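Some notes on the structure that comes next.
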Amino acid sequence: MSILNADLHCHSVVSDGTMTPEDLAARAAQNGVELWALTDHDEIGGQRRAAEAARAHGMRYLTGTEISVTFAGETVHIVGLGFDPDDAGMRHGLVETRGGRGARALEIAAGLAQVGIRNAYEGALKYVGNPELISRTHFARFLVETGACRDTSEVFRRYLTEGKPGYVPHRWASLKNAVQWITDAGGLAVIAHPARYKFTANEEYALFTEFKAHGGRGVEVVTGSHTAAEYVKYAETAKEFGLAASRGSDFHSPGESHTDLGRLPYLPGELTPVWELLADRIQ
Ligand code: AMP
Ligand code: MN
Ligand code: MN
Ligand code: MN
């Protein structure tokens, strides 16, 4: 086992989490996290605050983000770690990636209005911490508030996923661009929660193959989104493709996330942890 309590995936109010970077840092430290990364969706606006808060709590820190990508008609998430947050290409790429979210949110609201859920845009906005980053999660919180659903997973199931009234197909960044932005900024690209994608075996093989060809070097093996069987499966995949392994809770909110910061099994020992490849990027 790689005995390091690293948590390299979570979200703050800068994207769709409910806690500030400072409160997340305190919670991570409380839970024994030794190496931390805040990975807001398509955003790095919280990086300086997170790094400072990590230092104040005696945790080591890696810069992070989670980039939305469209691959084979599905949304795939690519985590970037250890990049230079001032890199112009990276910053521009993220601005571009999150740029479509405003118009998409209006379309989501229009779809929900068709089934009688009114004022969802305004309702979702109440939960938004960053005007550039309105996400389905914010709509989900509003629909729980109105009593339309019991919890956010029910909202996703009934309203916000493919074929449902609030689902809006969207084109995110390309895999190639996302991996290159991260890599060119000195960071390491990681396929987030691979078990979550509805790919055939062939499509998944293509994802890993193309990811590697573009310079991607890591995959999340132990994540809050995987079952124990999936840890084993993606440990094998990491070895098959020669990828380093990452570990992260994907924590969003105390009320919603079932995996808390730092509370995950360690990475299997036969894998190379991503932090070994990022030793000189750790703050
Ligand atoms: P977006 O980037 O706006 O498409 O929102 C994606 C986010 O929605 C993910 O990062 C999760 O936080 C959340 N999400 C996606 N699917 C579900 C689900 N089934 N249950 C709860 N949250 C979900
Ligand atoms: Mn999220
Ligand atoms: Mn994700
Ligand atoms: Mn995430």
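The values are calculated or read from the model by the stated rules, or taken from the named source; none is laboratory data. No experiment lies behind these values; they were computed from the predicted model shown. Note that we place each Cβ from the backbone using ideal geometry, even for glycine, and neighbour counts take in every protein chain shown.
So, in the range 174-194, exactly how many residues are crowded, with 17+ Cβ neighbours inside 10 Å and assigned to a helix (DSSP H, G or I)?
First, pick out the residues of the range 174-194 that are crowded, with 17+ Cβ neighbours inside 10 Å: 175, 177-183, 185, 187-194.
Keeping just the survivors that are assigned to a helix (DSSP H, G or I) gives 175, 177-183, 194.
So the answer is 9.
Out of curiosity, is HIS193 within 15 Å of ligand 3 (Cβ to nearest atom) and over 22 Å from GLU220 (Cβ atoms)? Spell out the reasoning first.
Values: within 15 Å of ligand 3 (Cβ to nearest atom): yes; over 22 Å from GLU220 (Cβ atoms): no.
Judged against the criteria, HIS193 is not a match.
Out of the residues in the range 107-116 that are farther than 22 Å from ASP40 by Cα and touching a Gly at 6+ places or on another chain (Cβ under 7 Å), which is surrounded by the most Cβ atoms within 10 Å (Cβ to Cβ)?
Taking the range 107-116 first, the residues farther than 22 Å from ASP40 by Cα are 107, 109-116.
This time we only want the ones that are touching a Gly at 6+ places or on another chain (Cβ under 7 Å), so: 111-112.
Numbers: GLY111: 18, LEU112: 25.
Of everything passing the filter in the range 107-116, LEU112 is surrounded by the most Cβ atoms within 10 Å (Cβ to Cβ).
Out of curiosity, is PHE71 within 16 Å of ligand 1 (Cβ to nearest atom), on the phi < 0 side of the Ramachandran plot and in the same structural domain as ARG217 (by TED's automatic domain parsing)?
In short, yes.
So which of ALA245, ALA238, ALA229 is surrounded by fewer than 18 Cβ atoms within 10 Å (Cβ to Cβ), assigned by TED's automatic domain parsing to the domain that holds ALA37 and among the hydrophobic types (A, V, I, L, M, F, W, C)? So that I can check it myself, show each step before the final result.
Values: ALA245 fails: surrounded by fewer than 18 Cβ atoms within 10 Å (Cβ to Cβ); ALA238 fails: surrounded by fewer than 18 Cβ atoms within 10 Å (Cβ to Cβ).
Being surrounded by fewer than 18 Cβ atoms within 10 Å (Cβ to Cβ), assigned by TED's automatic domain parsing to the domain that holds ALA37 and among the hydrophobic types (A, V, I, L, M, F, W, C) holds for just one of ALA245, ALA238, ALA229, which is ALA229.
Give the residue that is farthest from ARG281 (Cα to Cα), with candidates limited to residues of the range 63-91 that are within 10 Å of ligand 3 (Cβ to nearest atom) and not aliphatic (A, V, I, L, M).
Per the criteria, the residue is THR75.
How many of the residues making up the range 196-226 are surrounded by fewer than 22 Cβ atoms within 10 Å (Cβ to Cβ), more than 16 Å from ligand 2 (Cβ to nearest atom) and among the basic types (Lys, Arg)?
Of the residues in the range 196-226, 2 are surrounded by fewer than 22 Cβ atoms within 10 Å (Cβ to Cβ), more than 16 Å from ligand 2 (Cβ to nearest atom) and among the basic types (Lys, Arg).
Only one of GLU107, GLU66, GLU34, GLU96 is of a type in the set (Asp, Glu) and within 16 Å of ligand 4 (Cβ to nearest atom); which? Give the steps one after another, and end with the answer.
On the way: GLU107 fails: within 16 Å of ligand 4 (Cβ to nearest atom); GLU34 fails: within 16 Å of ligand 4 (Cβ to nearest atom); GLU96 fails: within 16 Å of ligand 4 (Cβ to nearest atom).
Just one listed residue meets the conditions, GLU66.
Given the residues ARG91, ARG104, which is the only one that is among the charged types (D, E, K, R), surrounded by fewer than 20 Cβ atoms within 10 Å (Cβ to Cβ) and either within 16 Å of ligand 2 (Cβ to nearest atom) or at pLDDT below 95 (or both)? Outline the logic, then answer.
Details: ARG91 fails: either within 16 Å of ligand 2 (Cβ to nearest atom) or at pLDDT below 95 (or both).
Testing whether each residue is among the charged types (D, E, K, R), surrounded by fewer than 20 Cβ atoms within 10 Å (Cβ to Cβ) and either within 16 Å of ligand 2 (Cβ to nearest atom) or at pLDDT below 95 (or both) leaves just ARG104.
Scan the range 105-137 residue by residue and report those that are more than 18 Å from PRO21 (Cβ to Cβ) and not aliphatic (A, V, I, L, M).
GLU107, GLY111, GLN114, GLY116, ARG118, ASN119, TYR121, GLU122, GLY123, LYS126, ARG136
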